[in-house]
Amino acid sequence: MSDLWIELNIALLPSPEVARNLVAASGEFARKYPAVVRLGEANRRLTMAPHLTLYQVPVPLARMARLHDGLERIARAGRPAELKYQGLAYNAGEASLEVQTVVTDELENLQRSVIELANPMRGGRLLERDPAGNRLADVGGGTIVGTNIASTGYAEIGELFRPHYTLNWFEPGTIIHERDMVADSAALTGCYTALGMFALGPYGTCPQLLARYEFGG
């Protein structure tokens, strides 16, 4: 068992109402453009769940119980807080569409707590690939991205932390028309209510919920 590893996505889970609105928005874009990934119903055990990633990390199965206990403590000490919609962003190079949220001190502190817990457990091991399919060992040498990967195994920390929900991944080369880059800001603003531990899927998705930790529970 000590030789077995699992790649995880540790993420925030939005309130049920915001999750439904994210699924609806993802479906709307998927009807207009050739989607490779679209979000599914958040209350199902196996689904492409709406989520906001804090950390993606490989962990040996032998340390999963320790990780579980630590995430439970982090969530119990925390509280539900608002994620305010900031806008849609489309990465044409990767063909991914995001709902970006405002960065807050609380959110940055929460990510820091999760990384301080989980980072030592990976023992320097890297994920095989990032969400866009790039080999992580080949990414970002001599840059802030490379420094972040070397220290934590994850690029989007510190000044590169861009809290967001990914709505869709599309076929490479897809162009999203500017007229479609609008969303209901009120519908996509709301509280995160729980921390989730997911099996990491392709494109950084969360196809299987392994554990859920309610804030303040």
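The values are calculated or read from the model by the stated rules, or taken from the named source; none is laboratory data. Not measured: the values here are computed from a predicted model. As a convention, Cβ positions derive from the backbone with ideal geometry for all residues, glycine included, and neighbour counts pool all protein chains shown.
Here are the numbers:
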quantity	calculated
Flag if Thr101 is touching a His at 6+ places or on another chain (Cβ under 9 Å) and of a type in the set (Ser, Thr, Tyr)	yes
Among (1) in a loop (DSSP other than H, G, I, E, B); (2) without any contact (Cβ under 8 Å) to a residue 12 or more places away in the chain - the single one Ala155 does not satisfy	(2)
Subset of region 61-81 (residues that are exposed (fewer than 14 other Cβ atoms within 10 Å of the Cβ) and either acidic (Asp, Glu) or within 16 Å of the chain's Cα centre (by Cα) (or both))	Asp69
Condition check for Gly93: loosely packed, with under 13 Cβ neighbours inside 10 Å, under 17 Å from the mean Cα position of the chain (by Cα) and over 25 Å from Leu71 (Cβ atoms)	no
Top-ranked residue in region 7-37 [being polar (S, T, N, Q) and within 25 Å of Ala118 (Cα to Cα); ranked as surrounded by the fewest Cβ atoms within 10 Å (Cβ to Cβ)]	Ser15
Exclusive hit being on the phi < 0 side of the Ramachandran plot, touching a helix residue (DSSP H, G or I) at 6+ places or on another chain (Cβ under 7 Å) and among the hydrophobic types (A, V, I, L, M, F, W, C), set Phe198, Phe161	Phe161
Qualifying residue in region 89-111 (condition: closer than 15 Å to Met197 by Cβ and not charged (D, E, K, R))	yes
Cβ-Cβ under 9 Å pairs, at least 6 apart or on other chains, region 127-146 side among the aliphatic types (A, V, I, L, M), far side surrounded by fewer than 16 Cβ atoms within 10 Å (Cβ to Cβ) and assigned to a loop (DSSP other than H, G, I, E, B)	Ala132/Gly93; Leu136/Glu128; Ala137/Glu128
Residue check, Ala75 of a type outside the set (Lys, Arg) and either assigned to a helix (DSSP H, G or I) or in contact with a Phe, Trp or Tyr (Cβ under 7 Å, 6 or more places away or on another chain) (or both)	yes
Condition broken by Phe198, with the remaining ones in (1) loosely packed, with under 13 Cβ neighbours inside 10 Å; (2) touching a Cys at 6+ places or on another chain (Cβ under 7 Å) satisfied	(1)
Residue match in region 40-54 (condition: loosely packed, with under 15 Cβ neighbours inside 10 Å and over 13 Å from Cys206 (Cα atoms))	no
Those residues of region 1-38 which are among the hydroxyl-bearing types (Ser, Thr, Tyr) and either farther than 21 Å from Asp184 by Cα or outside any helix (DSSP H, G or I) (or both), in sequence order	Ser2, Ser15, Tyr33
Residue match in region 135-144 (condition: among the charged types (D, E, K, R) and surrounded by 14 or more Cβ atoms within 10 Å (Cβ to Cβ))	no
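A quick yes/no check of all residues on (1) within 16 Å of the chain's Cα centre (by Cα); (2) polar (S, T, N, Q); (3) at pLDDT 95 or above; (4) part of a helix (DSSP H, G or I):
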position	(1), (2), (3), (4)
Glu116	no, no, yes, yes
Leu126	no, no, yes, no
Ala132	yes, no, no, no
Ala137	no, no, no, yes
Gly141	no, no, no, no
Ala150	no, no, no, yes
Leu167	yes, no, yes, no
Ile175	no, no, yes, no
Leu195	yes, no, yes, no
